[in-house]
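Working notes for the structure below.
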Amino acid sequence: MPAPFRFRIFAAFFLASSAICLLYLLVYFSGNASSDTLIQWQQIRLSQFDDWYPALHTLYEWAVTRIIPHPGALLILQNLFFSLSVAYSCSVLWRWKLPKTFVLAVLAYLCMNPATANLLTFIWKDCAFAFCFCFCHLSG
């Protein structure tokens with residue numbers, strides 16, 4: 001049986017992953033853009049949507065840009081969701097009583113992997129799907 005949820009453990013993992021994400025944001029602000037990113041950004045700015053991009057993700061980005069009309073706001077939220085996802089994943093592993101060194105290695109791998117740094121600097125729908133998958137997979 002897993003141990004009970006401990007907010008302090010979750011907060012420690014969240015702060016560690018947030019600190020690394022903040023470093024990525026400072027280095028790569030205001031992010032990178034692929035053609036996919038630019039087309040979706042144009043749809044959001046002009047409020048002219050098509051069915052190529054997931055509707056909920058596009059509407060979420062549209063709503064955020066009504067408050068702060070800059071792609072950096074989307075990157076900040078994306079990094080926040082990543083940090084929440086990593087913290088949740090690591091705290092679930094901690095609750096399952098896996099070795100602490102293993103959980104810390106998972107935290108380090110997820111946060112310090114160069115592919116993660118690259119992924120977190122693009123505003124892609126794939127990032128949101130990955131975070132949602134992580135939450136759903138570990139919650140089941």
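Structure summary
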quantity	calculated
Residue list for the stretch 96-126, restricted to those being under 20 Å from VAL27 (Cβ atoms) and touching a Pro at 6+ places or on another chain (Cβ under 9 Å)	ILE123
Filtered residues of the stretch 1-30 (kept if over 16 Å from MET112 (Cβ atoms) and among the β-branched types (Val, Ile, Thr))	ILE9
Sole exception among (1) under 15 Å from PHE10 (Cβ atoms); (2) in contact (Cβ under 8 Å) with a residue 60 or more places away in the chain; (3) surrounded by fewer than 18 Cβ atoms within 10 Å (Cβ to Cβ); (4) not basic (Lys, Arg) for MET112, by number	(1)
Helices (runs of 4 or more DSSP H) lying entirely in the stretch 47-140 (those with 1 or more residues that are within 16 Å of ASP36 (Cα to Cα) and among the polar types (S, T, N, Q))	55-67, 114-119
For TYR53: the one exception among (1) out of contact with any Ser or Thr (no Cβ under 7 Å at 6 or more places or on another chain); (2) among the aromatic types (Phe, Trp, Tyr); (3) modelled with pLDDT of 85 or more	(3)
Some residue of the stretch 58-68 being under 19 Å from PHE122 (Cβ atoms), touching a strand residue (DSSP E or B) at 6+ places or on another chain (Cβ under 8 Å) and either surrounded by 14 or more Cβ atoms within 10 Å (Cβ to Cβ) or of a type in the set (Phe, Trp, Tyr) (or both)	no
Extreme residue, surrounded by the fewest Cβ atoms within 10 Å (Cβ to Cβ), among residues of the stretch 1-26 that are in contact (Cβ under 8 Å) with a residue 40 or more places away in the chain and more than 16 Å from SER85 (Cα to Cα)	PRO4
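The values are calculated or read from the model by the stated rules, or taken from the named source; none is laboratory data. What you are looking at is a predicted structure, and each value in this text was computed from that prediction instead of being measured. So basically every Cβ, Gly included, is an ideal-geometry build from the backbone, and we count neighbours across all protein chains shown.
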